[in-house]
Amino acid sequence: VLIDRIERARIAVGAEPTSLRLGPTGVAAIGGEAEAGTAASVLDAAGRALVPGFVDAHVHLDKAFLLERTAACAPQLTAAIEAVAAVRDQIPLDVVRDNARRAIELLIQNGVTAARVHVEIDGAVGLDLMHVQLALAAEWRDRISLQLVAFPQRGLERPGILQLMASAMAEGLSVVGGCPYVDRDPAWHLDRVFALAERHAAPIDLHLDFSDDIGSSLLALVAERVRAHGLGGRVTIGHVTTLAAMRPDAQCAALELLAETGISLVLLPATDLFLAGHGEPGTRSLAPFERALAAGVRVAIANNNIQNPFAPFGNGNLVQAAWLTGIMRRAAELRLRAGLLEAISREPAAILGLPEHGPTLGAQADFALLDVERVEDVMLLAPPVLATVRGGCLTYLREALQLRAAVSS
Ligand SMILES: [Zn+2]
């Protein structure tokens with residue numbers, strides 16, 4: 001359903017409800033001007049908070065809902081990778097496709113209008129998972145933008161994977177992924193990723209530093225290559241739980257390095273809090289959101305996994321992911337709460353290279369309508385999504401629940 005006007009929406013901290021008129025290119029008017037004239041299709045926000053549509057900067061659809069198909073394993077990264085790899089070639093593609101559809105539906109119900117999807121490129125399945133997800137991206141393109149990353153989950157050193165990665169990029173994936181910590185020679189892995197990205201003029205999105213061991217950090221190696229290739233603003237790193245384990249001075253220097261080189265950071269709390277933090281007592285296992293913002297680093301908070309050995313509690317809800325980050329990083333002050341909201345909306349949109357969106361004049365009409373009145377309360381209450389709008393189209397509307405009293409005689 002195409003929406004012409006949204007009425008009685010709260011779009012800013014401390015603001016009274018207002019109207020927005022939506023046109024073919026986005027938000028055409030806000031306030032009195034938006035109320036003039038007739039509208040064919042109106043969404044009544046009833047005084048609730050209307051925020052920019054959520055953007056998931058990092059999600060795995062081809063591993064969604066595998067919890068019951070994988071053997072029970074320790075809450076540990078290598079064990080999780082092995083548990084999925086052990087069943088990878090036994091899961092019919094139809095099941096992967098159905099699970100991915102269920103995950104996409106869940107994202108949309110949680111206010112998500114765009115997502116960057118890491119597509120597993122693996123010897124056991126070749127490019128099958130990629131073909132499934134290219135088809136899904138086309139199938140869902142009217143409701144959500146899915147940007148696909150070629151992701152070598154088990155490294156590039158295994159036979160044939162470099163060729164599969166090259167084919168994946170040649171067949172139209174838009175981002176080169178990497179996972180240097182699974183290979184024996186992480187520097188060689190990074191060199192291959194940067195070379196492939198250069199060949200396709202593509203951005204890079206790395207799984208990086210997913211460890212409590214600061215000695216294993218590859219941040220300097222990545223920064224060196226970002227500088228050498230002039231890729232500032234085009235490289236994103238996810239997890240980076242080593243940041244949480246660093247002493248304050250080392251952490252500060254690392255964050256400054258990210259800010260200087262223009263490397264974006266993605267926190268994945270449902271996984272980072274589950275799989276990391278098993279090291280020294282006091283290890284927090286979630287990169288320092290509030291300090292990264294202060295250092296000028298672009299930060300997003302994303303889902304990563306939905307109910308599998310990497311994140312049994314993954315639920316596709318970015319508001320809850322940001323809420324959890326707020327608790328873990330003690331980010332309760334108003335400025336940081338606003339930062340948390342940006343970290344699931346405008347910041348990941350910038351990482352994906354999407355145009356500006358949200359309830360501002362001229363921006364793309366992508367919104368989430370939340371069941372809360374004050375925008376400033378979003379991160380405290382983590383309210384449910386009432387409606388999702390993408391490109392002016394209603395992609396989700398929560399049905400009003402009917403409560404019936406059963407009276408027995
Ligand atoms: Zn991931």
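Just so it is clear, none of the values below were taken in a lab; they were calculated from the coordinates. Note that this is a predicted model, so its numbers are computed, not measured. So basically every Cβ, Gly included, is an ideal-geometry build from the backbone, and we count neighbours across all protein chains shown.
Size of the range 126-199 from its Cα atoms: along the principal axes, largest to smallest, the extents are 41, 22, 20 Å.
Once C-alpha pairs closer than 8 Å and six or more residues apart are averaged by separation and normalised to the residue number of the chain, the relative contact order reads 22 percent.
Counting beta carbons within 10 Å around each of Ser41, Ser264 and listing the fewest first gives the order Ser41, Ser264.
Charges were assigned to the Cβ only: +1 to each Lys and Arg, -1 to each Asp and Glu. The resulting dipole of the range 292-409 about its Cα centre is roughly 200 debye. Simple point charges give the picture: +1 on the Cβ of Lys and Arg, -1 on the Cβ of Asp and Glu, and for the chain a dipole about the Cα centre of about 300 debye. Ellipsoid fit via the Cα gyration tensor, the range 1-134: semi-axes of 43, 16, 12 Å, each the root of five times an eigenvalue, largest first. Put simply, the C-alpha atoms of the range 247-338 give a gyration tensor, and the ellipsoid matching it has half-axes of 22, 16, 13 Å, longest first.
In this structure, the amide hydrogen of Ile301, modeled 1.01 Å from its nitrogen in the peptide plane, lies closer than 5 angstrom to those of Leu267, Ile344, counting only residues at least 5 positions away or on a different chain.
Simple rule: put +1 on each Lys or Arg Cβ and -1 on each Asp or Glu Cβ in the chain, find the dipole, and look at Ala71, Leu93, Asn317; the Cα lying farthest toward the positive end is Asn317.
Couplings 3J(HN,Hα) of the range 114-131, computed from phi: 7, 8, 9, 10, 7, 9, 5, 10, 9, x, 5, 10, x, 9, 4, 5, 5, 5 Hz, in residue order, whole Hz [Karplus 6.51 cos²θ - 1.76 cosθ + 1.60, θ = phi - 60°; x for Gly and Pro]. Summing +1 for each Lys or Arg and -1 for each Asp or Glu among the other residues whose beta-carbon sits under 11 angstrom from that of Arg335 gives -3. With the highest mean first, a sort of the peptides 50-56, 217-223, 83-89, 151-157 on other beta-carbon atoms found within 10 angstrom per residue produces 50-56, 151-157, 217-223, 83-89. Projecting the Cα atoms of Leu219, Ala382, Gly47 onto the dipole axis of the chain, where Lys and Arg carry +1 and Asp and Glu carry -1 at the beta carbon, places Gly47 farthest toward the positive end. Annotation: the range 71-121 has a Kirkwood hydrodynamic radius of 13.0 angstrom, from the mean reciprocal C-alpha pair distance. Calculated on C-alpha atoms, the gyration radius of the range 99-164 divided by its Kirkwood radius gives an Rg/Rh of 1.04. Phi angles of the range 317-323 translate, via the Karplus equation with coefficients 6.51, -1.76, 1.60 and θ = phi - 60°, into HN-Hα couplings of 9, 5, 4, 5, 4, 5, 4 Hz per residue; Gly and Pro are given as x. Phi angles across the range 338-350 convert, under the Karplus curve 6.51 cos²θ - 1.76 cosθ + 1.60 with θ = phi - 60°, into 3J(HN,Hα) values of 5, x, 5, 5, 4, 6, 10, 10, 6, 5, x, 4, 5 Hz, Gly and Pro given as x. Summary value for the range 30-165: 26 percent relative contact order, contacts being C-alpha pairs under 8 angstrom separated by 6+ residues. Using 0.36 nm per residue and subtracting the Cα-Cα separation, the extra length available between Cys252 and Ser216 on full extension is 11.2 nm. By the compact-protein rule of thumb, 2.2 N^0.38 Å, the alpha-carbon radius of gyration of the chain corresponds to a ratio of 0.99.
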